[in-house]
Structure formats: structure tokens, C-alpha cells
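Here the structure is laid out as C-alpha cells; the discussion comes afterwards.
The values are calculated or read from the model by the stated rules, or taken from the named source; none is laboratory data. All figures in this text were calculated on a predicted structure; none of them were measured in a lab. A quick note on method: Cβ atoms are made from the backbone with ideal geometry, for glycine too, and the neighbour counts reach across all protein chains shown.
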Amino acid sequence: MESVDVNMKDQDHIYSVYMIVMKCIPIVTIPIYAEAIYCIIKRSPNFQRHYTIILTAHILGCLCEEFYGFQLFRPMVFLPIVGIYADGILSMLGVHPFIQLYGMFLAVQVNAAILTHITFYRMKIIIPMSFRYYTHVIRFGIFSTVFMYVGAVCSVNFILLTMEDQMEAKNFIYVNIRPIPSVFWSEKYMVSSPKNPNIPTFLMAGTFCIGFYILLCILLPSICFIILHKTRHSLSEKVIKAQRAYLRTILYQVAVVVICIIMPFIVFFAGVANTITNPVIIPASLIFAICHGSASTLIHLLSNKPFRDTMKAQLSWVVCFLTCSRPERGNKVHTLSSIVG
């Protein structure tokens, strides 16, 4: 009994630290979104309209996703119980935690699909039309983009497999599992008991989803590298430089997907399968997942040359202000090709 009390105290301490982190992270991420919105408004008039629309949609979607996760939803997981405790604004308004979880999964999946859309669009810009299989690559990109949007929305419905009568599930857990968190009987806490027959199907669906993301992260850079390598001899040095910048960008995007989507998903599904016993790992992975939006937005700021130049100029003003020196003045004209500079 004493060990159970110790475990509960440890979980309460982890939860208190977790909440402090959840409240402090937006202090760092809000300036990233403010800078991105400023750059979209002031520094993207020369981009193609389609690219500007999907880039704006992704940045605004990431902002909504992060606000939803940190303020509206604010999820927490207490091991060894399979469940989500929602302690955000929506819970104060009486929204069921399952609906909040569904919304969080939907936001992450849709934003991942938009990021894939941007990646394929950038591929379309950078691949020379003289490439032998140019038409096939473009068709593959269109098909994959549509598949990602449809799959992103449809795959979220697998979360419905975790639904069950909460009173029966909590009574079963209360009798058979320890330790029990202090918020166990709260309406903000949704659980799924080991007797739920749909859990194995849910885990299989999660494994398929993770496998697809891993395949995508391997396939996209590989296709880009092969195409850019095969066409390097027929292009100018300027175009080759832009292609290299594009390849770096896609690798950065893959890194964000791996760290902020694939890894948290693996940890989440491993927690559902009761293969993780460390109570710190899952809350940490939740933070990484919610920070997916700000990480993706930062990649956009760094990979689009007009945005990057704007950030440098603003940082130089800050340095000049702190050092009481005069900033250097200069004018630059950005063209469409500079989006991959």
C-alpha cells in the first residue's frame, strides 16, 4: 500500500511539472507564429498563388493545432492505465474528453497531410520538365496528396475502437490495476480497460499508420535524391544549388515528422499496449506531438529565402538596438525561385 502511495505522489509530481511546461512552451512558440504570419502577409507576394494558399493553410493549421493542444485540450496520461485526462478549457466547458482526443488526432493528421502537399508542390517546382519521368512523378504526387488527405480524415476514426462504457471500464480498472491517479473518477478522465475487445484492432491500425509514415519518410527523400542526381549534368549551377536547398528542406521536414509525429505515435500506441512503464515518457511525447506545429512553421521560415532574410534583418535590428549601433540598409528583390533558396 505504501508503494502505491509513493507511485501516486510521483505521478502527481510529474503532472505538476508537466502542467508548468505546457503553460510555458507557448511563450517560446507564439513569436514563431507571429513571425510566420508577418512573412506570409509581407514577404510572399511573388510566390505562386497555390503555394501561398497551402503554406498559409499549414501555418494557420499548425497555430490552431498548438492552441488546441496547449490550451483547449491539455492532455495527460497516467500509467499503467490506458486513458486520457483532459484538463483544458474544453473540459471546463463540459466537452467530453473523447471528443477532444478525436479533435487532436484529426488536427495532427490533417496538418501532416498539408505538409505532404507542400512537399510535393515544392518537388513540382524544382524538378526539371525535361526529366524523363516528369509526368509520372507529378501524377504520383497528385495521387499521394489526395490519398494523404482522405487517409488522414478516415484514419482518425480508428480512435472510436477505444470507446466503452466509462463506469464499467473504471470499475474494472479500480479492482484490477494499481496505482490509481487522484483524478481517476473525474469526468475529465476517459479510460479504456484491458477487457475492451477492440484494443488489438486499434493497435493494428496504429501500427499500419506508423508504418505508412515511416515509408513516406524514406520514400520522399529517396525519390528526390534520385531525380536530382540524375538531372544534375543538364542544369545550371544556380538550379543545382536550388535543388540542394530543396533536398535539405525535405530532410528537415522528415526530421520534424519523425520527432513530432512518428515517435509520439509509437510511444502512445506502446503505452496502450502496456509496453512502457516509465511515467515520464508518454507526457514528454505528448509535448513533442503538440509542438509539431511550431517545429513545422520554423522549418518554413528557414527554408523560404524571403522569410529567412526577413528574420535575419529583424534579428540584426535587435542586435543593433542592444549594441547601440546603426543597421546596414539594403534592398532585395525576391522571385519565385527564391522559395527554395
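Restricting attention to region 145-198 and to residues that are polar (S, T, N, Q) and part of a loop (DSSP other than H, G, I, E, B), the residue that is nearest to ASP12 (Cα to Cα) turns out to be SER182.
Checking PRO31 against (1) out of contact with any helix residue (DSSP H, G or I) (no Cβ under 9 Å at 6 or more places or on another chain); (2) crowded, with 21+ Cβ neighbours inside 10 Å: exactly one of these is not met. Which one? Exception for PRO31: condition (2). Looking at the structure I just gave you, is ILE142 modelled with pLDDT under 90, assigned to a helix (DSSP H, G or I) and not small (Gly, Ala, Ser)? Yes: the conditions hold for ILE142.
Any chance region 102-109 includes a residue that's touching a Ser or Thr at 6+ places or on another chain (Cβ under 9 Å) and surrounded by 21 or more Cβ atoms within 10 Å (Cβ to Cβ)? No, region 102-109 contains no residue that is touching a Ser or Thr at 6+ places or on another chain (Cβ under 9 Å) and surrounded by 21 or more Cβ atoms within 10 Å (Cβ to Cβ). Within region 214-239, the set of residues being part of a helix (DSSP H, G or I) and farther than 30 Å from CYS260 by Cβ comprises LYS230, ARG232, HIS233, SER234, GLU237, LYS238, VAL239.
List pairs: first in region 271-289 and among the aromatic types (Phe, Trp, Tyr), second buried (at least 16 other Cβ atoms within 10 Å of the Cβ) and in a loop (DSSP other than H, G, I, E, B), Cβ under 9 Å, 6+ apart or cross-chain? Close Cβ pairs satisfying both conditions: none exist.
Among THR249, THR277, which is the only one that is farther than 16 Å from THR119 by Cβ and either among the polar types (S, T, N, Q) or in a helix (DSSP H, G or I) (or both)?
None of the other options fit; the residue is THR277.
Report yes if some residue within region 207-214 is surrounded by 17 or more Cβ atoms within 10 Å (Cβ to Cβ) and within 21 Å of LYS124 (Cβ to Cβ); otherwise report no. Among the residues of region 207-214, not one is surrounded by 17 or more Cβ atoms within 10 Å (Cβ to Cβ) and within 21 Å of LYS124 (Cβ to Cβ), which makes the answer no. Out of the residues in region 188-202 that are surrounded by fewer than 16 Cβ atoms within 10 Å (Cβ to Cβ) and in contact (Cβ under 8 Å) with a residue 12 or more places away in the chain, state the one that is nearest to ILE84 (Cα to Cα). Selected residue: PRO194. Scanning region 166-180 for residues being buried (at least 19 other Cβ atoms within 10 Å of the Cβ) and either in contact with a Pro (Cβ under 6 Å, 6 or more places away or on another chain) or at pLDDT below 85 (or both) gives a total of 1. Kindly provide the set of residues from region 68-90 that are part of a helix (DSSP H, G or I) and in contact with a Pro (Cβ under 7 Å, 6 or more places away or on another chain), ordered by number. Scanning region 68-90 gives a single hit, PHE70.
Contact map, region 209-221: first residue farther than 16 Å from LEU251 by Cβ, second residue β-branched (Val, Ile, Thr), Cβ cut-off under 8 Å, separation 6 or more or different chains; pairs are ILE210/ILE262; ILE210/ILE266.
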